[in-house]
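One structure is given below, encoded as structure tokens.
The values are calculated or read from the model by the stated rules, or taken from the named source; none is laboratory data. All of these numbers come straight from a predicted model, not from anything done at the bench. Quick reminder, even Gly has a Cβ in these numbers, built from the backbone with ideal geometry, and neighbours come from all protein chains shown. All accessible areas refer to the heavy atoms of the entire protein, side chains included, with ligands and DNA or RNA removed. Shrake-Rupley method; radii C 1.70, N 1.55, O 1.52, S 1.80 Å.
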Amino acid sequence: MPREAEPSINERAFVLQALEENIRLDGRALDAFRDIDISFGDDYGVADVQLGKTRVLTRISASIVAPYPDRKFDGVFVIITELSPLASPAFEVGRQSDLETHLSRILETTLRRSQAISTESLCLVAGQKVWSLRADIHILSHCGNLVTAASLATLAALRQYRIPDTSIKGGELTVYTPLERDPIPLALLHHPLCITLNYFENGEKMIVDATLQEQQCSEGEVVVAANPQGEVCLVQKGGGGEVDALVLLRAVDMAVGKVRELGKLVDRALEKDSKMRDKGGISAELSAENER
């Protein structure tokens, strides 16, 4: 199985020496993100996130299915990740890597098991028909910190997605097209995001948004999932030896602050997208009607 090219002994020593002096090779502070760009597609539910050179595209889709027998009043929400050779030569087609499994499990815990989405709101006819919501996450470029980029793209896509409106009359379900009725937003109970912190010197030094090279040089990582209200959904430590409990508490505090920072970025991106979509829409029609 192909592997990522490891940094040479000299490269590793150079990165570690720089971090000892609180210097990162790209000039960022230890707790700073790379440049972040959040954009949306023409259709609802398509979010493209660029975090430095790491790029993730998430597409949300919905279909009507029968509910699970033991959850007759709940809709379905599934997350599918795809790591293709387009993102990195270390990824293979049709073969799930450890990184893909790791990414899927973290996003499942962060978004589905934390009940970020109200699955009851996806129920159409109890025991017969529910919405099945699917998030397809495509990794387009892998240059470090995939977990944060993927969670950011998925949350942005979920918040922007609009599901078709429906009605039930005489026991018959009607699904309306966007021309008949405006689609409606998803019922999100909270907005969790993942922050990955890589640590050095037995946890005494932590960095946010590590590049691939910094990840390979680090002793281990701590992934924290939380929402802007400070509610923690997940704390997971991967790799490395033991770290003190105080180090994990410090990591959680730092991550919650970064979640709030990213949450504001998503808010601004959604506001910008909403204004662009409203051009020539209902507001423009009402304005034209008033002018006449």
Quiz prompt | Scan of the range 212-226 for residues that are hydrophobic (A, V, I, L, M, F, W, C) and closer than 15 Å to G238 by Cα, ordered by number | solution = C217, V222, V223, V224, A225
Quiz item: If you scan the range 222-251, which residues turn out to be in a loop (DSSP other than H, G, I, E, B) and not aliphatic (A, V, I, L, M)?
Solution: N227, P228, Q229, G230, E231, G239, G240, G241, E242, D244
Practice problem: Kindly establish whether E180 is within 30 Å of E21 (Cα to Cα), more than 28 Å from the chain's Cα centre (by Cα) and open to solvent by 10 Å² or more (accessible area, probe 1.4 Å). | Solution: no
Quiz prompt | Criterion: farther than 23 Å from E201 by Cβ and among the charged types (D, E, K, R) - qualifying residue of D26, D43, D31 | solution = D43
Practice problem: Quick one: count up the residues across the range 136-170 that are in contact (Cβ under 8 Å) with a residue 24 or more places away in the chain and farther than 15 Å from G45 by Cα. | Solution: 13
Quiz item: Which residues, taken from the range 59-74, are open to solvent by 60 Å² or more (accessible area, probe 1.4 Å) and under 15 Å from the mean Cα position of the chain (by Cα)?
Solution: R59
Practice problem: Kindly indicate the residue of the range 1-20 that is more than 29 Å from the chain's Cα centre (by Cα) and among the charged types (D, E, K, R) and also most open to solvent (accessible area, probe 1.4 Å) among those meeting that condition. | Solution: E20
Exercise. Give me a count of the residues in the range 233-260 that are in contact (Cβ under 8 Å) with a residue 12 or more places away in the chain, under 11 Å from I195 (Cβ atoms) and either open to solvent by 40 Å² or more (accessible area, probe 1.4 Å) or of a type in the set (G, A, S) (or both).
Key: 5
Practice problem: Could you give me the residue pairs with C-beta distances under 8 Å whose first residue belongs to the range 104-129 and is surrounded by fewer than 19 Cβ atoms within 10 Å (Cβ to Cβ), whose second residue is polar (S, T, N, Q) wherever it lies, and which are 6+ apart or on separate chains? | Solution: S104/T81; L124/T166
Practice problem: Could you tell me whether S167 is small (G, A, S) and surrounded by fewer than 21 Cβ atoms within 10 Å (Cβ to Cβ)? | Solution: yes
Practice problem: Considering only the range 100-115, state which residues are among the polar types (S, T, N, Q) and either in a loop (DSSP other than H, G, I, E, B) or farther than 22 Å from S132 by Cβ (or both). | Solution: T101, S114, Q115
Quiz item: Out of the residues in the range 75-85 that are open to solvent by less than 20 Å² (accessible area, probe 1.4 Å) and of a type outside the set (F, W, Y), which is modelled with the lowest pLDDT?
Solution: L83
Quiz item: With I64, I80, I23 as the choices, which residue is of a type in the set (V, I, T) and over 26 Å from P183 (Cβ atoms)?
Solution: I23
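Every residue, every condition in (1) among the charged types (D, E, K, R); (2) modelled with pLDDT under 95; (3) surrounded by fewer than 18 Cβ atoms within 10 Å (Cβ to Cβ); (4) touching a Lys or Arg at 6+ places or on another chain (Cβ under 9 Å), yes or no:
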{"site": "N22", "(1), (2), (3), (4)": "no, yes, yes, yes"}
{"site": "G27", "(1), (2), (3), (4)": "no, yes, yes, no"}
{"site": "V49", "(1), (2), (3), (4)": "no, no, no, yes"}
{"site": "G52", "(1), (2), (3), (4)": "no, yes, no, yes"}
{"site": "L57", "(1), (2), (3), (4)": "no, no, no, no"}
{"site": "A87", "(1), (2), (3), (4)": "no, yes, no, yes"}
{"site": "G94", "(1), (2), (3), (4)": "no, yes, yes, no"}
{"site": "L99", "(1), (2), (3), (4)": "no, yes, no, no"}
